[in-house]
1. Just want to confirm a number: the relative contact order over the chain, from Cα pairs under 8 angstrom separated by 6+ residues, in percent.
2. What area, in nm² and to one decimal, does the C-alpha convex hull of the chain cast on average over all directions?
3. In degrees, nearest 10, range 0 to 90: what is the angle between the Cα axis of helix 29-38 and the longest Cα principal axis of the chain?
4. Under 5 Å between amide hydrogens, which residues at least 5 positions from Asp48 or on another chain qualify, with H placed 1.01 Å from N in the peptide plane?
5. In degrees between 0 and 90, to the nearest 10, how far off the longest principal axis of the chain does helix 78-92 point, with axes built from Cα atoms?
6. Taking 0.36 nm per residue of separation and subtracting the Cα-Cα distance, what length does fully extending Arg8 through Lys36 add?
7. Under 5 Å between amide H atoms, partner at least 5 residues away or on a different chain: which partners does Arg28 have, H built in plane at 1.01 Å?
Amino acid sequence: AAAKASGRSVIVYPEGTRVAPGEQPPLRSGFAGLYKALDLPVVPIATDSGRLLPKKGAKHPGVVTFRIGAPIPAGLPRREAERRVWAEINALEK
């Protein structure tokens, strides 16, 4: 709420962690709570950092790519917001 009040961006990793390429885990429940409480649009972003920075094992040098999707408006019902964010993140990874 403080970041919103000061006009700063709020960045959330809705899956909770990096994931390996090809994985499509569900969104964590905290995402929906923040989405509702902050009443802000969501800009889906997908990264391929999981291939260079795995949760376990050696890290690898390389370039991390960010893919940015179209904003999803604030105020959608929880299930619709979660569905759209999850679908967009996974579509961007392809």
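Each reported figure results from applying straightforward, stated rules to the coordinates on display, with no laboratory input. All of these numbers come straight from a predicted model, not from anything done at the bench.
1. This gives 29 percent for the chain.
2. Mean orientational projected area (the chain, Cα hull): 6.6 nm².
3. For helix 29-38, the angle is close to 40 degrees.
4. Thr65
5. Between the helix axis and the principal axis of the chain, the angle is about 30 degrees.
6. So the extension gain works out to 8.3 nm.
7. It is Glu15, Gly16, by chain and number.
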